[in-house]
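The values are calculated or read from the model by the stated rules, or taken from the named source; none is laboratory data. Worth saying up front: this structure is predicted, and the values here are computed from it rather than measured. Note that we place each Cβ from the backbone using ideal geometry, even for glycine, and neighbour counts take in every protein chain shown. When the accessible area is computed, the model is the full protein with side chains, heavy atoms only, and any ligands, DNA or RNA have been set aside. Shrake-Rupley method; radii C 1.70, N 1.55, O 1.52, S 1.80 Å.
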Amino acid sequence: MPVFARLGPRDLLRDPVYRRLFISVFSSSFGAQVTLIALPITAAVLLHASPVQMGLLTAMEILPFVLFSLPGGVWLDGVRKLPVYVIGESLMALTLLSVPLAWWLGWLGMRWLYAVSFAIGTVHTIAGSASQIVLTQIVPRERLVEAHSRNALATSSAEVMGPGIAGALLRLVGAPLALVANAVLLGFSAVILRGI
C-alpha cells in the first residue's frame, strides 16, 4: 500500500502539487545538512584553514543576506517565482559539484571555498524567498498554516537525521565527495519542482 494512501482524505500531502514541494523541501534540507558539515571539514582538513579563514568562510555565506535581501525582494516582486526557485536549486547543485571537481584538478583553495560559500548564501537569500512565495501560490490561504507546519516538519526531520548520515558519508567517501550527495539531492529537488 503506498504511503500516501494511508493519509486522511483531507491531508495536504494528498495534493500532488504540494507533495512535490514537500519532497523538494525535505531533499534539499537533508542535503543542506551534508554541506553544513562537509564544507568546513573540507576547509579544515584538506586546506588546513586557520581559525580566521574558517570565520571568513562562515561570513561569506551570511554576507549575501546583508547585501541582497532588500534588492532581491524587490526583484522577485516582478518575476515568476517558481523558475527562480528551480534555477536556484540547480545553481546550488552545480556550485557544490565544483568543489570535488576543483579538488580533483588540484585547484581547490580557500578562495574557491569562499566563492562557493558566497554563492550558497546568495541562492538561499533569493531562491529561498522565492520558495516561500511559491508555497503561498500553490496552497489555498486557509491551508497555509498546515503547509508551513508540514514544511517545518520536513526541515526538522532533515536536521535530526542529516548530521548522523552526513557524518557516515564523510567517513565513507571524504568531505569533497560528500558534497556530490547534496548536489544529487538538489538536482532531484529541481527536477521535482519542474513538475509543479
Helix 175-194 against the longest principal axis of the chain: what's the angle in degrees, Cα atoms only, rounded to the nearest 10? 30 degrees
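Give the whole-number value, in cubic angstrom per residue, of the convex hull volume spanned by the C-alpha atoms of the range 1-86.
Taking the convex hull of the Cα positions in the range 1-86, it is 156 Å³ per residue.
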Diffing the range 95-101: the Karplus 3J(HN,Hα) column from phi (6.51, -1.76, 1.60, θ = phi - 60°), in whole Hz with x for Gly and Pro, holds 4, 5, 5, 5, 5, x, 5
Quote the Stokes-Einstein diffusion coefficient, in whole µm² s⁻¹, for the range 69-111, based on the Kirkwood radius over alpha carbon pairs, a temperature of 25 °C and a viscosity of 0.890 mPa s. 197 µm²/s
In deg cm²/dmol, rounded to the nearest 500, the helical mean residue ellipticity at 222 nm of the chain, built from -39500 (n - 2.57) for every DSSP H run of length 4 or more, is -28500 deg cm²/dmol
What net charge is computed for the residues neighbouring residue 86, neighbours being all others with C-beta under 14 Å from the C-beta of residue 86, Lys and Arg scored +1, Asp and Glu -1? +3
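Eigenvalues of the Cα gyration tensor times 5, then square-rooted: what semi-axes does that give for the chain, in whole angstrom, largest first?
Sorted largest first and rounded, they come to 31, 20, 13 Å.
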What residues have an amide H closer than 5 Å to that of residue 49, excluding those fewer than 5 places away on the same chain, when H is modeled at 1.01 Å from N in the peptide plane? 44
The range 126-178 pair-distance distribution - Cα-Cα, 10 Å bins, rounded %: 22, 32, 26, 17, 3
Of all accessible surface on the range 1-103 at a 1.4 Å probe, what whole percent is carbon and sulfur? 73 percent
Once Lys and Arg get +1 and Asp and Glu get -1 on their Cβ, which of 23, 172, 35 lies farthest toward the positive end of the dipole of the chain? 23
Relative contact order as a percentage, the range 1-117, C-alpha pairs under 8 Å and 6+ apart, gives 27 percent
Between helix 16-41 and the chain: long-axis angle, C-alpha atoms, 0 to 90°, nearest 10: 20 degrees
